[in-house]
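Have a look at the structure below before the remarks.
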Amino acid sequence: MSDHICVRCLEEKPHHEFGNNRSTATGRVAACLMCERERDHVRDPLRDKTPHRRQQNLEKGRRRRARMANVYLDDHTAQQMVDHWHEKGIEPSSCIYCGDYADTVDHVIAIALGGPHVLDNLVPACRSCNSSKGSSTIIEWFGKLAAREWEGFADY
């Protein structure tokens, strides 16, 4: 078999020093295994796991869901959202519904129901309240919660 030239180090190396890739004409990757290892070593394994990056990815997902649902979308930053909540007297770290630690952002009128992705429709919520509310309106959700509380009294 013929030797290959690595696209990174530009050295001619034997065929077995390149990884397999069936989708290429040669059946091998373009960079040698040594260059691939160096690249993987330099790459930061936590680059997408930092809190700042995680928050950016969450906001990016919210914006995408809003675009896909074809609802109105304003161009606000996370800091503008927190400032808006302070102006309204809402504590950003407390769930608007139960008072626990807020680790998510809830759409008061869900995007699935045509609610806009704007500052006035966003509130801090704990994961439990946000997931149990789902795409319900607040009135529907509170009704379900009240019904659950009264279920235990049916036996008396």
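Of the trypsin sites (Lys or Arg not before Pro) in segment 61-122, the ones in a loop by DSSP (not H, G, I, E or B) with at most 15 other beta carbons within 10 Å are K88.
Stretched out straight at 0.36 nm per residue, the stretch from L33 to I5 would grow longer than its current Cα-Cα span by 8.9 nm.
With +1 on each Lys and Arg Cβ and -1 on each Asp and Glu Cβ, and nothing else charged, work out how big the dipole of segment 76-153 is about its Cα centre, in Debye to the nearest 20. Could the numbers behind the result be given before it?
On the way: 5 positive and 10 negative charges, 40 e Å.
The dipole magnitude comes to about 200 debye.
Its relative contact order, with pairs defined as Cα atoms under 8 Å and 6+ residues apart, puts the chain at 14 percent. Here the calculated FRET efficiency for R54 and H76, from their Cβ-Cβ distance with R0 = 22 Å, stands at 0.75, rounded to the nearest 0.05.
The charge dipole of the chain, taken about its Cα centre with unit charges on the Cβ atoms of Lys, Arg (+1), Asp and Glu (-1) only, comes to about 540 debye. Per-residue 3J(HN,Hα) values for segment 33-39, derived from phi via the Karplus relation 6.51 cos²θ - 1.76 cosθ + 1.60 with θ = phi - 60°, read 4, 5, 5, 5, 5, 4, 4 Hz in sequence order (x marks Gly and Pro).
Every read-out reported here was derived from the displayed coordinates using simple, explicitly stated rules and does not represent laboratory data. As the structure is a prediction and not an experimental result, all values here were calculated from the model. Neighbour counts are summed over all protein chains in view; Cβ atoms, including those assigned to glycine, are modelled from backbone coordinates with ideal geometry.
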